[in-house]
Amino acid sequence: MYKKPGYPKLVIDLNKLRNNIERVQSMCADRGVEIAGVIKGCSGLIPCAQQFERAGCSYIASSRLEQLQPLRENGIQAPLMMVRVPMLSEAADVVRICDYSLNSEVSVLKELNVQARLQDREHNVILMADCGDLREGFWDKDEMVDAAEMVENDLRNLHLAGVGVNVGCYGSVLATPEKLQELVDIAERIEERIGRELEIISGGATSSLMRVMDGNLPERINMLRVGEGILLAYDLPNLYGYEMEDMYQDAFVLRAEVIEVKDKPSHPVGEIGFDAFGHRIEYEDRGIRRRALVGIGKCDYGDPSELLCREKGAEVLGASSDHTILDVQDVKRSLKVGDIIEFDVKYATIVYLTNSPNIEKVYI
């Protein structure tokens, strides 16, 4: 039986991950905000999920039931939350596996109620409002208030736990105080209709941490769903200029093995067509350059532009399915076949790498 050698591998520093979770937890707890730790970015890896619970996250969340189902078997007791609105066909499993789900369709709510009754359970639902990012959520807010009243009064095996919003993930809409106040206003309309206070007003994801850090999160927002801001802590400092010196951006490090080192032209020789993925690429002619191939490719991590090579002087030129090409002309050490090169990674890259069976995961 074939046993895969040690590379490529993803090295996951659980102490750094735990530090990041605790920092975000502390920042939010000071302002009365609970955290749903979103594990989809690390593909639900159990050792990572365990750190979210040990650090005190109020909920463990994912968009994939296959990531949530194994958590109970591995000792995680925190409430589980499904953060992609459920497919109608998976309603029974959502009720069986999850304590909470985010919802935006009346037909799905009714089916969740049926399945909860069949399983003799009460399932908690959070109704999602679309406040302009144009992903999931009720656009018609009158319809949302009516749906909330239906859940409260007619769907006996569902509990209306609260409301939520997503911003930034599709439409790039910023989580401004005014935008999040729209969600609070909707929550208060619902509370007036049903005659009680909602437990949860979930004001978005990592991008909403900016409001926590600026101290202008609307007062009634009491829960955020955070993944990237914990796993990588890259977007807020690098895209928006927020200071996060006490957070690690290298809890996940990719190591790959050099499989070829040669001097070659920097521009392909011959008539240029399309690459293996159907793209027409522009190449810069820099003459003969030292190049290295490493044994990993787009099938493993997605976009090579999101690999950040740690080797000083090296440049990621591109990749095919199984090869990544580096310009190493300016690298000081004399690279040879069998050497290991390390890369820092971005969020999407972590998703691919942790989900790939071809990548060994090593925990330190």
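The values are calculated or read from the model by the stated rules, or taken from the named source; none is laboratory data. Note that the structure is predicted; figures quoted are calculated from it, not measured. Cβ coordinates were reconstructed from backbone atoms using ideal geometry, including for glycine residues, and neighbour counts include every protein chain displayed.
Pick from the range 287-334 the residues that are among the acidic types (Asp, Glu) and out of contact with any Lys or Arg (no Cβ under 9 Å at 6 or more places or on another chain): which of them is nearest to residue 260 (Cα to Cα)?
Applying the filter and picking the extreme gives 315.
Give the range 227-262 a look and list any residue that's part of a loop (DSSP other than H, G, I, E, B) and either surrounded by 15 or more Cβ atoms within 10 Å (Cβ to Cβ) or of a type in the set (Ser, Thr, Tyr) (or both), or say none.
227, 232, 233, 234, 242, 244, 247, 248, 249, 250, 251 - these are the residues of the range 227-262 that are part of a loop (DSSP other than H, G, I, E, B) and either surrounded by 15 or more Cβ atoms within 10 Å (Cβ to Cβ) or of a type in the set (Ser, Thr, Tyr) (or both).
Where the second residue is surrounded by fewer than 22 Cβ atoms within 10 Å (Cβ to Cβ) and part of a loop (DSSP other than H, G, I, E, B) and the first is touching a residue at least 40 places away in the same chain (Cβ under 8 Å) and lies in the range 156-167, which pairs have Cβ atoms under 6 Å and are six or more apart or on separate chains?
Short answer, once both residue conditions are applied: 157/122; 161/199; 162/198; 162/199; 167/133; 167/173.
Please go through (1) modelled with pLDDT under 95; (2) in a strand (DSSP E or B) for residue 316 and return the number of the only condition it doesn't satisfy.
(1)
Restrict the check to the range 288-308 and report whether at least one residue is under 23 Å from the mean Cα position of the chain (by Cα), outside the structural domain of residue 232 (by TED's automatic domain parsing) and free of Cβ contacts under 8 Å to residues at least 12 places away in the same chain.
yes
With assigned to a helix (DSSP H, G or I), within 30 Å of residue 19 (Cβ to Cβ) and of a type outside the set (D, E, K, R) as the only criterion, which of 224, 217, 209 stands out?
209
Out of all the residues in the range 74-121, which are of a type in the set (Asp, Glu) and more than 26 Å from residue 205 (Cα to Cα)?
111, 120
Within the range 168-201, track down each residue that is small (Gly, Ala, Ser) and assigned to a loop (DSSP other than H, G, I, E, B).
Answer for the range 168-201, where residues must be small (Gly, Ala, Ser) and assigned to a loop (DSSP other than H, G, I, E, B): 168, 171, 172, 175, 195.
Yes or no: the range 276-285 includes at least one residue that is aromatic (Phe, Trp, Tyr), within 26 Å of residue 234 (Cβ to Cβ) and not in a loop (DSSP other than H, G, I, E, B).
Checked the range 276-285: no residue is aromatic (Phe, Trp, Tyr), within 26 Å of residue 234 (Cβ to Cβ) and not in a loop (DSSP other than H, G, I, E, B).
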